[in-house]
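Data block below; observations after.
The values are calculated or read from the model by the stated rules, or taken from the named source; none is laboratory data. This one's a predicted model, so the numbers in the text were calculated from it and none came from an experiment. Don't worry about glycine lacking a Cβ; one is built from the backbone with ideal geometry, like all the others, and counts go over all protein chains shown. With ligands, DNA and RNA removed, areas are computed over all heavy atoms of the protein, side chains included. Shrake-Rupley method; radii C 1.70, N 1.55, O 1.52, S 1.80 Å.
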Amino acid sequence: MNKTEQLILFSTIFNQNPVDDSETVFFKNLKHDDMLKDIVVFLNNYEMKKHFNLKIDIIQSLNDHGVDIIITTNQLKIGIQLKSNFDVCSSDFATKLKAQLSDSLAHDLDKLYILLCCDLNEKSTRYKVSSIISQISMYKSNYPVIYSPNICYSYFNISNLIKIEEIN
C-alpha cells in the first residue's frame, strides 16, 4: 500500500457515521488522558497492524508541540490532537488550537487529525465547534483535518464503528 492509499485508509477510518448532537453529552465529563487511551483502542480495533508496520505513541505533555498521539507506519507520520469538553469550553479555545496546529508542524507530519470531543448540547459550545471547523476548513492545506463530536463519538462506542473489512 503506497503513501496516498495509507492516507485514504486513515481518513476513511476516522470518518465515521455521525450521531445526533444529543449523544455527545457522553463527552461532558470524560478526562482527556482517558480519551487518548480510548483512541489507541479504537485504532487497534481495526487490526491496523495487518495493513501497516504501525506504531502508536501517546506523547501528550506540556511540551507536546500540538500533538497528543503520533502514529507512524513505514511511510507515514500522522498526528492526533484531541480536544476535550474542558478544552473546548475554555475562553481561549480557538486561539490555543490554532497555535497548536502551527506548533504541530515541528513534528513533520503527513497529516494532523483534530478530534473535537465535547458536548454539543450547549449553544455556546455548538457555536465554538462550528466556528473552528469553518475556520480550519478555509486553510489552503490538506494537512489538518478536523472532526466534530458527532463523528468522534463513534471512536468511543466500538459497536457503532465501520469495520476495516467494510472499508477494504
Problem set entry | Residue list for the range 115-146, restricted to those being surrounded by fewer than 21 Cβ atoms within 10 Å (Cβ to Cβ), touching a residue at least 40 places away in the same chain (Cβ under 8 Å) and either touching a strand residue (DSSP E or B) at 6+ places or on another chain (Cβ under 7 Å) or small (Gly, Ala, Ser) (or both) | 144, 145
For this session: Considering only the range 80-114, state which residues are touching a residue at least 60 places away in the same chain (Cβ under 8 Å) and touching a Ser or Thr at 6+ places or on another chain (Cβ under 9 Å).
Result: 111, 113
For this session: Go through the range 1-31 and give me each residue that's assigned to a helix (DSSP H, G or I), more than 19 Å from residue 144 (Cβ to Cβ) and of a type outside the set (S, T, N, Q).
Result: 5, 21, 23, 25, 26, 27
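Mind checking whether some residue in the range 65-79 is open to solvent by 30 Å² or more (accessible area, probe 1.4 Å), without any contact (Cβ under 8 Å) to a residue 40 or more places away in the chain, in contact with a helix residue (DSSP H, G or I) (Cβ under 8 Å, 6 or more places away or on another chain) and not in a helix (DSSP H, G or I)? Break it down stepwise before answering.
We begin by selecting, within the range 65-79, every residue open to solvent by 30 Å² or more (accessible area, probe 1.4 Å); these are 65, 72, 74-75, 77.
After this cut, where a residue has to be without any contact (Cβ under 8 Å) to a residue 40 or more places away in the chain as well, the list is 72, 74, 77.
From the residues that got through so far, the ones that are in contact with a helix residue (DSSP H, G or I) (Cβ under 8 Å, 6 or more places away or on another chain) too are 77.
Okay, now just the ones that are also not in a helix (DSSP H, G or I), so 77.
Checked the range 65-79: at least one residue is open to solvent by 30 Å² or more (accessible area, probe 1.4 Å), without any contact (Cβ under 8 Å) to a residue 40 or more places away in the chain, in contact with a helix residue (DSSP H, G or I) (Cβ under 8 Å, 6 or more places away or on another chain) and not in a helix (DSSP H, G or I).
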For this session: Could you list all residues from the range 33-47 that are at pLDDT below 90, in a helix (DSSP H, G or I) and over 13 Å from the mean Cα position of the chain (by Cα)?
Result: 41, 44, 45
For this session: May I ask you to list pairs of residues, at least six apart or on different chains, whose Cβ atoms are under 6 Å apart, with the first in the range 10-38 being farther than 19 Å from residue 90 by Cα and the second being of a type in the set (Gly, Ala, Ser) and open to solvent by less than 60 Å² (accessible area, probe 1.4 Å)?
Result: 16/154
